[in-house]
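What follows is calculated from the coordinates using simple rules that are stated; it is not laboratory data. Note that the coordinates shown come from a computational prediction; the quantities given were computed from them, not determined experimentally. Quick reminder, even Gly has a Cβ in these numbers, built from the backbone with ideal geometry, and neighbours come from all protein chains shown.
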Amino acid sequence: MPYSNYRGRFAPSPTGPLHFGSLVAALGSYLEARTRGGAWLVRMEDLDRPRVAPGAADAILRALDAYGFEWDEEVMYQSARQDAYASALALLEHRQAVFPCACARKEIADSVLSLRGEPVYPGTCRNGLAPGKSRRAIRVLVEEREEIGFDDVVQGRFAQMLASDVGDFVVRRADGLFAYQLAVVVDDAEQRITDVVRGADLLLSTPRQILLQRLLDLPTPRYLHLPVALTGAGEKLSKQTLARPLAAADAPTRLWDALLFLGQAPPSALARGSLRDIWSWAHTRWSADAIPRQRGMPSPEHS
């Protein structure tokens, strides 16, 4: 196999049941790992406790099992890894790569907008907190004119000027929770992930994660960002857009739909086959080269 040390992962947030968009991400990451003779891990990104739905993590694991996915190691839960994130933040503080910020979200929203229409942090607290202000969040100090880029397996070359596109970004939130950007970098290193396969909705986060990897002396994985499943209105398929939960009885059909979505051209007769038939075909025919070079496409239920 090309990468005997390949280690991939699927990292859902347990805010609700898996849906077709989740299945696309799971399937793409799983088949990339398996066809390269690698390991496939599952990580629950349950760091944002207020958004976690009771019982959702167990329901996700049951759904993955019902659809024929097999993970290789114990499931990692971010909620149990606070000490690891605190250690990483302490190292960033020691290296003077972060600073405390007193700005409220409304203040930042009134600042300069990026090309994506999102507020860019204007650097208000870079040189210290104003008199009478107290720390709310902790931000990474982004160097001016520093471009962070990488070559994505599907999406091609992608780069950002972090200072102008994002600004100094949060690694610990005002509510005390560690931010996703820090946690995912620490967790990928801990699980020795060599290849990250996930939805293209996270493409814009990748340069921030690469910067953190460099600041923490951690390896940078290879990245493959899959097209995101969209609703008829062009929104990402999600719990908020009323995505239909995956049902165990629909596993062969939904897996066939996901293979078709990912450009694998499964034969129509396979849609009426068994779960074993679907997986047998997928393991021998999977090709990352066939994945559409798009960031988003209508899901089968909205096309």
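Residues of region 244-265 with the amide nitrogen closer than 14 Å to a label point 7 Å from the Cα of E301, along Cα-to-Cβ, please. Of the residues in region 244-265, 244-251, 253-255, 257-258 have backbone N under 14 Å from the label point off E301. Taking Cα atoms, how many degrees apart are the long axis of helix 56-66 and the longest axis of the chain, rounded to 10 and kept between 0 and 90? Taking the Cα atoms of the chain, the angle to 56-66 is about 30 degrees. In summary, the aspartates and glutamates within cross-link reach of K133, defined as a Cα separation below 18 angstrom excluding same-chain residues under 8 places away, comprise E107, D175. If r is the Cβ-Cβ distance from A104 to A249 and R0 is 35 Å, what FRET efficiency results, to the nearest 0.05? That pair, A104 with A249, gives E of 0.15. In plain terms, the bigger the Kirkwood radius, the slower the diffusion; for region 155-295, with that radius from Cα pairs, at 37 °C and 0.692 mPa s, Stokes-Einstein puts D at 185 µm²/s.
For region 82-180, with the dipole built from +1 on Lys and Arg beta-carbon atoms and -1 on Asp and Glu ones, taken about the Cα centre, which of F178, A130, V154 lies farthest toward the positive end? The residue sitting farthest along the positive end of the dipole is A130.
At full extension, A233 and D83 could sit 49.9 nm farther apart than now, given 0.36 nm per residue minus the alpha carbon distance.
Across region 82-180, Cα-Cα pairs more than 19 Å apart make up 48 percent of the total.
Pairs of Cα atoms nearer than 8 Å and 6+ residues apart set the relative contact order; for the chain it is 21 percent.
The equivalent ellipsoid that matches the C-alpha gyration tensor of the chain spans semi-axes of 36, 20, 19 angstrom, in descending order. Within the straight-line cut-off of under 14 Å between alpha carbons, the aspartates and glutamates reachable from K236 are D201, E301, sequence neighbours fewer than 8 places apart in one chain being disregarded. On a 0 to 90 degree scale, rounded to 10, what angle separates helix 275-285 from the longest Cα axis of the chain? With both axes taken from Cα atoms, the answer is about 70 degrees.
Helical runs assigned H by DSSP (4 residues or longer) give the chain a calculated mean residue ellipticity at 222 nm of -9000 deg cm²/dmol, each run adding -39500 (n - 2.57) before division by the residue total. Computed over region 1-150, the quotient of the alpha carbon radius of gyration and 2.2 N^0.38 Å is 1.35. Within 15 Å, Cβ to Cβ, of A249, how many net charges do the neighbouring residues add up to if Lys/Arg are +1 and Asp/Glu are -1? So the surrounding residues net to +1. Taking Cβ atoms as reference points and 11 Å as the exclusive limit, the residues near M161 contribute a net charge of -4, counting Lys and Arg as +1 and Asp and Glu as -1.
The average projected area of region 135-234, computed from the convex hull of its Cα atoms over all directions, is 7.8 nm². Once the Cβ-Cβ distance of A66 and R135 is raised to the sixth power relative to R0 = 45 Å, the FRET efficiency obtained is 0.50.
Taking the C-alpha atoms only, the angle from helix 82-94 to the longest principal axis of the chain is near 40 degrees.
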